[in-house]
1. Out of all the residues in region 110-131, which are modelled with pLDDT of 95 or more, surrounded by fewer than 17 Cβ atoms within 10 Å (Cβ to Cβ) and out of contact with any Asp or Glu (no Cβ under 9 Å at 6 or more places or on another chain)?
2. Go through region 142-180 and report how many residues are more than 17 Å from GLY122 (Cα to Cα), open to solvent by less than 90 Å² (accessible area, probe 1.4 Å), part of a loop (DSSP other than H, G, I, E, B) and not charged (D, E, K, R).
3. Any residue at all in region 247-259 that's in contact with a helix residue (DSSP H, G or I) (Cβ under 7 Å, 6 or more places away or on another chain), outside any loop (DSSP other than H, G, I, E, B) and free of Cβ contacts under 8 Å to residues at least 40 places away in the same chain?
4. Can SER266 be described as surrounded by fewer than 22 Cβ atoms within 10 Å (Cβ to Cβ), touching a residue at least 60 places away in the same chain (Cβ under 8 Å) and in contact with a strand residue (DSSP E or B) (Cβ under 6 Å, 6 or more places away or on another chain)?
5. Could you run through region 112-140 and say how many residues are in a loop (DSSP other than H, G, I, E, B), closer than 17 Å to THR168 by Cβ and either out of contact with any Gly (no Cβ under 6 Å at 6 or more places or on another chain) or aliphatic (A, V, I, L, M) (or both)?
6. Take ASN212 and decide whether it is surrounded by fewer than 13 Cβ atoms within 10 Å (Cβ to Cβ) and modelled with pLDDT of 90 or more.
7. Just give me the residues in region 218-236 being touching a residue at least 12 places away in the same chain (Cβ under 8 Å), not in a loop (DSSP other than H, G, I, E, B) and not hydroxyl-bearing (Ser, Thr, Tyr), in sequence order.
8. Check SER274 against each of (1) among the small types (Gly, Ala, Ser); (2) in contact (Cβ under 8 Å) with a residue 40 or more places away in the chain; (3) surrounded by fewer than 19 Cβ atoms within 10 Å (Cβ to Cβ) and name the one condition it does not meet.
Amino acid sequence: MAPQGVTGLLMSKSDRMAKKATKTGRYPLKKLRGSILMAIGVGLALGALLAALIRAHSRTGEPRMINLAASGLVATPDSEGRLILEDEAVSGSDFYQFRTQLREAVQNRNAPFVGSIIPETGLGIGFSVPQTRDNLNLDDPQARFWLLLEKATKIGCAPAENPPAYNTDPGSEIWVCPNVAQAFARQVPPPPSAEGVSWQLERVVVVGENVNARSQPSVNSEAIATLSNEVVQLDRDRQLPETFDPIDSWTAIRLSDDREAYVYNSYVYSPLESRALFGQINGEWQLLGMPGGE
């Protein structure tokens, strides 16, 4: 049914046409058809808009897009503007079962299991040359590779968009973990004024519900804000000088009101951070590569 205003408009035009037809003895059918089609078009457009709004708020009441300020800065902390991070691995699927095993193996630092999914030709991490299993120091529970893999696989995954070419089985889908980089690219596109990767370099996503942003890089310091799947400004001038740990360290950020804060790295993901790509080779899931990394 057309909205009341649209129906009223259609009826009033029809009445005027009917009066004109009575006077002239000829009804303008072409004009009437045009008016009817226009009214139907308006009704369909209003219906599509309403459906889009319903879809946008149907997922846990959250908007589908980050509500960026007009200045092009990041979403306001504690606002309803969140990055939508949906785990697309279906429970019970082949990849889901593999990921469950992998998460357990990573948690337990199961070197034989993880070593078995690394290609014999080596694993490319970031922009480095492929590293062999021995180079990755799998026997060291605190090796950087373990930390990168743990962080990459602990949250949601998604089918990879435009992945590099790998020698996977025909029809094998390639999965990327985590799904932060793809969600950021879709939901928070750079403005026309952004140059190169500066937009991604200057921002991070705080992943989780009500994650504390603290006044100092310490769990004992004051929590001055809470963030939930929100994009915030990275403050490189205050980054800690010690070796960067993907999990057990702190990231310096600026809140939307320009206050300085720190977030524990376990919850902080850069749009350019290393991510793990998985695919099937000879029927077995393999860790194909870990592109990214600043």
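1. PRO112, GLY115
2. 10
3. yes
4. no
5. The number of residues fulfilling the criteria is 6.
6. It is false that ASN212 is surrounded by fewer than 13 Cβ atoms within 10 Å (Cβ to Cβ) and modelled with pLDDT of 90 or more.
7. Answer for region 218-236, where residues must be touching a residue at least 12 places away in the same chain (Cβ under 8 Å), not in a loop (DSSP other than H, G, I, E, B) and not hydroxyl-bearing (Ser, Thr, Tyr): ILE224, ALA225, LEU227, GLU230, VAL231, VAL232, GLN233, LEU234, ARG236.
8. Looking at each condition in turn, SER274 falls short on (3).
The values are calculated or read from the model by the stated rules, or taken from the named source; none is laboratory data. All values derive from a computational prediction rather than experimental measurement. Note: ideal-geometry Cβ built from the backbone for every residue, glycine included; neighbour counts use all protein chains shown. When the accessible area is computed, the model is the full protein with side chains, heavy atoms only, and any ligands, DNA or RNA have been set aside. Shrake-Rupley method; radii C 1.70, N 1.55, O 1.52, S 1.80 Å.
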